[in-house]
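The values are calculated or read from the model by the stated rules, or taken from the named source; none is laboratory data. The structure displayed is predicted, hence computed values, not measured ones. No Cβ is skipped: glycine too gets one built from the backbone with ideal geometry, and neighbour counts run over all protein chains shown. The protein model used for the area step is the full one, side chains on, heavy atoms only, and it has no ligands, DNA or RNA in it. Shrake-Rupley method; radii C 1.70, N 1.55, O 1.52, S 1.80 Å.
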Amino acid sequence: MASPEDLEHMGFEKLEGGEIKEGLKLILRAAKKYEDEKKLEDAARLYYYFGYFFLNRLGKPEMARKPLLKSASLYIKLIEAELDRFEVDMVRLNEFCSKTLSVFATVGDERNLKKYAKYFAEIYEDLGKAYMDNDEVENAIRAYEDAFRYYKALGDPDSTKRIADSLITAYGRLTEEKVAANDSAGAAEAFYRLSFYLLEIFGYDTHYVEIMDTAARNYEKASKVSYSQGDLDGTTTHLLNAQYAYMLAGNSSRAKLIGINNIRMAYQVVGSYQRAGDDRNTARKLLELAQALLAVGKYKEAFKAYHEAVRLDSRIDNRIIMRAALLKIYGAEKRSAGILSAVGDVEYYLERGNRERAIELADGTLRAVPELESLIKMLHEAEGISVEE
């Protein structure tokens, strides 16, 4: 007569104690009981865990298929229920959609993978239109960005360009609002993101360059505001963003000048956090310092700073950010729309919390560039990864 919560707790205790068979039995019982009690999100979560445990930990894909498909069916019900709500929770919706497609991809169900990817793309497109009609621009952008990635994954260029056009309109509205409010940091971020959708439609041309340059100038303006307020941490962050935006816009001389000035200040900020014993902020600023050094060609110093950042904070986010930096530098140098488009996708998946997809895409894009082999080796050495791995 135990509750599903109690069964789940006991199941994970058994797993932690090495009693795998008993632990999995209890977790499956908990999942079924959650389902009986109409607690579908908990049931879906446990079926999903159960399936991937068999697949990844026990290496039994035949045992994983049924619970994974069960979780997918429950996530689809949760998606439909979420869409019926007066206010849709975009974070929950994105999680449910991502997990559903992850299951279909894992079990090799190509038909349902394409069917539901198209269904989700259409859902997000409709949500984006509704939000724009209600002047909820930021929600519209979030919905359209999700639709854009689903259509892109489906290999539907017409729909991808249609959504990119909608995003350009939405981001145009947002930049106007941020500029009118004298929010230079917010405007910079909006112009930066807008540039990637211009890149999708026009490639690396004057449309993209002009907007990325505008982003850079707004980041630089934001750095001056932070400096006037005595916020050296914020100043260096904005300067790093300005450095990379100028570089992406093809203004390498301005990017280098800002980078050199920023590096000097960043060392000061790192030192102040180190003296305070603040490891988390030390790691954050070391990562920024590593990116600034990388962009001015100081590779040895960059990877030394990165190694220290990873030693203090080994989260996968830091590894994704450093890979994106390498791709930005190469993409800017070659003026490659393809590489820079991949950067936009990596940053999207990181922001959405899909770290596996972000690092998979970043690594795949890096491996496809033979010229980056020596820098990738230095990256791996900084992370403590052997060449064989």
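Restricting attention to segment 163-195, the residues being among the polar types (S, T, N, Q), open to solvent by 10 Å² or more (accessible area, probe 1.4 Å) and within 19 Å of the chain's Cα centre (by Cα) number 0.
Let's see how each residue does on (1) hydrophobic (A, V, I, L, M, F, W, C); (2) crowded, with 21+ Cβ neighbours inside 10 Å; (3) assigned to a helix (DSSP H, G or I):
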position	(1), (2), (3)
F12	yes, no, yes
E22	no, no, yes
K25	no, no, yes
K33	no, no, yes
D42	no, no, yes
Y52	no, no, yes
G59	no, no, no
M63	yes, no, yes
Y75	no, yes, yes
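Against the test of being on the phi < 0 side of the Ramachandran plot, in contact (Cβ under 8 Å) with a residue 12 or more places away in the chain and under 16 Å from the mean Cα position of the chain (by Cα), the options G344, G364 yield a single qualifying residue, G344. Among the residues making up segment 108-131, those that are assigned to a helix (DSSP H, G or I) and either among the polar types (S, T, N, Q) or surrounded by fewer than 19 Cβ atoms within 10 Å (Cβ to Cβ) (or both) are E110, R111, N112, K114, K115, K118, Y119, E122, D126, K129, A130. Of the set (1) closer than 19 Å to Y49 by Cα; (2) open to solvent by 50 Å² or more (accessible area, probe 1.4 Å); (3) at pLDDT below 95, all apply to V91 but (1).
Out of all the residues in segment 158-177, is one or more within 20 Å of A325 (Cβ to Cβ), in a helix (DSSP H, G or I) and of a type in the set (F, W, Y)? Scanning segment 158-177 turns up no residue that is within 20 Å of A325 (Cβ to Cβ), in a helix (DSSP H, G or I) and of a type in the set (F, W, Y).
Of all the listed residues (Y131, Y119), the sole one being at pLDDT 95 or above, in contact with a helix residue (DSSP H, G or I) (Cβ under 6 Å, 6 or more places away or on another chain) and among the aromatic types (F, W, Y) is Y131.
Here E145, E125 are screened, and the one residue that is of a type in the set (D, E), touching a Leu at 6+ places or on another chain (Cβ under 8 Å) and not assigned by the TED database to the domain that holds R85 is E145. Could you tell me how many of the residues in segment 77-98 are under 19 Å from R149 (Cβ atoms) and in a helix (DSSP H, G or I)? Total satisfying the criteria: 12.
The lone criterion from (1) open to solvent by 50 Å² or more (accessible area, probe 1.4 Å); (2) of a type in the set (D, E, K, R); (3) within 24 Å of G271 (Cβ to Cβ); (4) touching a residue at least 24 places away in the same chain (Cβ under 8 Å) left unmet by R315 is number (4). For the criterion of being in the same structural domain as V296 (by the TED database) and at pLDDT 95 or above, E356 fails. The single condition among (1) within 25 Å of K256 (Cα to Cα); (2) of a type outside the set (D, E); (3) touching a residue at least 40 places away in the same chain (Cβ under 8 Å) that I339 does not satisfy is (3). Is it true that some residue in segment 137-153 is of a type in the set (G, A, S), open to solvent by 40 Å² or more (accessible area, probe 1.4 Å) and within 20 Å of the chain's Cα centre (by Cα)? Yes, that holds for at least one residue.
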